[in-house]
Amino acid sequence: MTFIPYRGDAPARVDLLAGNIDAIAATPDFGLIAEGKARLIGSTGTRRWPQARDVLTFAEAGYPDLVAFISWGFAAPAGTPDNVINILNATVNHALLTERVRNTLVDNAYFVTGGPPEALWSASRQQILQFDQMARAGTIKFE
């Protein structure tokens, strides 16, 4: 495979649909998949998408090291008091429990987890360390 840098998923999808490239690594567009314009071949996540339960994760397909995911979260300025962070965190977690927010996120290919602020940093740090080890071992190379 040849890596082609794009300025986001949208321009990559345009080239995919136009037949200019063979594949993209991006958050799936289940609308395009349902219309038969794109095909999902695997997931780098640790779980299968509910919209595509028959599509294996790459780890399930025999590539256990091909696990990567994007974590989204909220940030506050450094020095924000812990009580404010706790209120913000509780508010976000409460919103994630609502049917409307949860369904919107799931429909757009996100896995909803929520949790304490430390959980987001822990998952991000783990992935950074994983990619650092791969880069140092020469498994992946950055250009």
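What to note about this one:
- Close pairs (9 angstrom Cβ cut-off, 6 or more residues apart or separate chains): farther than 11 Å from Lys37 by Cα in the range 12-24, assigned to a helix (DSSP H, G or I) and open to solvent by less than 50 Å² (accessible area, probe 1.4 Å) anywhere: Ile21/Ala12; Ile21/Asp15; Asp22/Leu16; Ala23/Leu16; Ile24/Ala12; Ile24/Arg13; Ile24/Asp15; Ile24/Leu16
- Residue count for the range 25-65 under the criterion of being touching a residue at least 24 places away in the same chain (Cβ under 8 Å), open to solvent by 80 Å² or more (accessible area, probe 1.4 Å) and under 24 Å from Ala10 (Cβ atoms): the result is 0.
- Qualifying positions in the range 91-109 - surrounded by 12 or more Cβ atoms within 10 Å (Cβ to Cβ) and free of Cβ contacts under 8 Å to residues at least 60 places away in the same chain: Val92, Asn93, Ala95, Leu96, Val101, Arg102, Thr104, Leu105, Val106
- Matching residues in the range 66-90 - criterion: being in contact (Cβ under 8 Å) with a residue 12 or more places away in the chain and open to solvent by 70 Å² or more (accessible area, probe 1.4 Å): Leu66, Phe69, Ile70, Trp72, Phe74, Leu88
- Residues in the range 7-23 that are of a type in the set (A, V, I, L, M, F, W, C) and surrounded by 15 or more Cβ atoms within 10 Å (Cβ to Cβ): Ala12, Leu16, Ile21.
- Qualifying residues in the range 111-143 (those that are in contact (Cβ under 8 Å) with a residue 24 or more places away in the chain and open to solvent by 80 Å² or more (accessible area, probe 1.4 Å)) - the one farthest from Arg53 (Cα to Cα): Glu143
- Among the residues of this structure, Ile4 does not count as one that is more than 18 Å from the chain's Cα centre (by Cα), surrounded by 14 or more Cβ atoms within 10 Å (Cβ to Cβ), assigned to a loop (DSSP other than H, G, I, E, B) and among the aliphatic types (A, V, I, L, M).
- Wholly enclosed helices (runs of 4 or more DSSP H) of the range 36-143 bearing at least 2 residues modelled with pLDDT of 95 or more and among the aliphatic types (A, V, I, L, M): 82-97
The values are calculated or read from the model by the stated rules, or taken from the named source; none is laboratory data. Quick caveat, the model's predicted, so the values are computed rather than measured. So basically every Cβ, Gly included, is an ideal-geometry build from the backbone, and we count neighbours across all protein chains shown. Note: areas computed on protein heavy atoms with side chains; ligands, DNA, RNA excluded. Shrake-Rupley method; radii C 1.70, N 1.55, O 1.52, S 1.80 Å.
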